[in-house]
1. Would you confirm whether or not the stretch A:3-13 contains a residue that is surrounded by 20 or more Cβ atoms within 10 Å (Cβ to Cβ), in contact (Cβ under 8 Å) with a residue 60 or more places away in the chain and over 19 Å from the mean Cα position of the chain (by Cα)?
2. Report yes if A:ASP112 is within 18 Å of the chain's Cα centre (by Cα) and either within 18 Å of A:ALA146 (Cα to Cα) or surrounded by fewer than 17 Cβ atoms within 10 Å (Cβ to Cβ) (or both), otherwise no.
3. Given the residues B:SER80, B:SER63, which is the only one that is out of contact with any Gly (no Cβ under 9 Å at 6 or more places or on another chain) and modelled with pLDDT under 95?
4. Return a yes/no flag: does the stretch A:45-56 have any residue that is within 17 Å of A:MET139 (Cβ to Cβ) and either at pLDDT below 95 or among the hydrophobic types (A, V, I, L, M, F, W, C) (or both).
5. For the stretch B:26-39, state whether one or more residues are touching a strand residue (DSSP E or B) at 6+ places or on another chain (Cβ under 9 Å) and either closer than 24 Å to A:MET69 by Cα or aromatic (Phe, Trp, Tyr) (or both).
6. State which residue pairs qualify: first residue at the interface with another protein chain (Cβ under 7 Å from one of its Cβ atoms) and within 18 Å of A:VAL20 (Cβ to Cβ) and inside the stretch A:64-93, second residue part of a helix (DSSP H, G or I) and of a type in the set (Asp, Glu) in any location, beta carbons under 6 Å apart, and separation of 6 or more residues or different chains.
7. Of the residues B:ILE27, B:ILE16, which is farther than 24 Å from A:TYR72 by Cα, modelled with pLDDT of 95 or more and either facing chain A (nearest Cβ under 10 Å) or outside any loop (DSSP other than H, G, I, E, B) (or both)?
8. In this structure, does A:ASN132 turn out to be surrounded by fewer than 18 Cβ atoms within 10 Å (Cβ to Cβ) and not aromatic (Phe, Trp, Tyr)?
There are 2 protein chains.
Amino acid sequence: MFKIFYEDIELDHTDIIGTVQASKEDIVRFATEFDPQPFHLDDEFAKSTPFGGLCASGWHTCSLIMRAMVDYVLATGLASLGSPGLQTLQWRKPFFPNDTLSVSIKTVKKTDSRSRPEIGFVTSEITATNQNGDIVLFMINDMMTARRKPLET
Amino acid sequence: MFKIFYEDIELDHTDIIGTVQASKEDIVRFATEFDPQPFHLDDEFAKSTPFGGLCASGWHTCSLIMRAMVDYVLATGLASLGSPGLQTLQWRKPFFPNDTLSVSIKTVKKTDSRSRPEIGFVTSEITATNQNGDIVLFMINDMMTARRKPLET
């Protein structure tokens, strides 16, 4: 099922992952369970804050982008084996109901694994931009990626 | 409703935020919506991976820790105004069904806002440790915090 392996990944290549949206109901439902801060739940209250209106939990935004990434990985056959973490995560602008975020991924670094010759780490910049051209979210992600052939050591 | 302001926060102070758990059903439900990778959905498949068993999406772990943090902020009256992002996020070990994660927060830095005299940034290390003493998640978070009195400039 894997088609694109560590060796196949080009540096400085940008791909469009897909788009992400959330309704007000989606935003309130996620926030009620995981992030019940009033600016994610209450429209009137949110208008009085620097956000300017009800907006999604940053973790909701991350989770929706994750879903777009998983769909992309499955569609392309990228040999992704999960991620040990992020180098940075920036919530730069609010994500409002019915905004459309365009998510892109740019490969910036490849690093052989020192302990596991069958994988490598691909570092990527992931950017989610809304319909006004504002970057809503930016993150730098390390992804474990299977090699076509194990590295000879 | 705010009781603890930027000026009140001590550096190098560690607080216990609370504990976090997820059932297998919780893990599968979250992953089905946001992170449908097979090691978050399928017990048998997950056993064949380096995870060793079905485990939570890293974004689910983050979201559950967020909920514990919001409950802590509301209980203590910490003047939190949200976060612009994380400096790092590490998923170090799998979070398995019914594991109990103890979440602690250590304040490591305070930074006056250059543009907003009514807030400051509190940088904290957040650590989630399972019942075996393994660190499952580690992150460094910047939190906007209201000042008791605006900074005179």
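1. Yes.
2. no
3. On the way: B:SER63 fails: modelled with pLDDT under 95.
None of the other options fit; the residue is B:SER80.
4. Here is the first cut: in the stretch A:45-56, the ones within 17 Å of A:MET139 (Cβ to Cβ) are A:56.
Adding the requirement that they be either at pLDDT below 95 or among the hydrophobic types (A, V, I, L, M, F, W, C) (or both) leaves A:56.
Within the stretch A:45-56, one or more residues are within 17 Å of A:MET139 (Cβ to Cβ) and either at pLDDT below 95 or among the hydrophobic types (A, V, I, L, M, F, W, C) (or both).
5. Yes: the stretch B:26-39 contains one or more residues that are touching a strand residue (DSSP E or B) at 6+ places or on another chain (Cβ under 9 Å) and either closer than 24 Å to A:MET69 by Cα or aromatic (Phe, Trp, Tyr) (or both).
6. Short answer, once both residue conditions are applied: none.
7. Values: B:ILE27 fails: farther than 24 Å from A:TYR72 by Cα.
B:ILE16 is the lone residue from the list that is farther than 24 Å from A:TYR72 by Cα, modelled with pLDDT of 95 or more and either facing chain A (nearest Cβ under 10 Å) or outside any loop (DSSP other than H, G, I, E, B) (or both).
8. Here the answer is yes, as A:ASN132 does meet what is asked.
The values are calculated or read from the model by the stated rules, or taken from the named source; none is laboratory data. This structure is a prediction, so every number in the text was calculated from the model and none was measured. Every residue, glycine among them, receives a Cβ derived from its backbone with ideal geometry; neighbour counts consider all protein chains shown.
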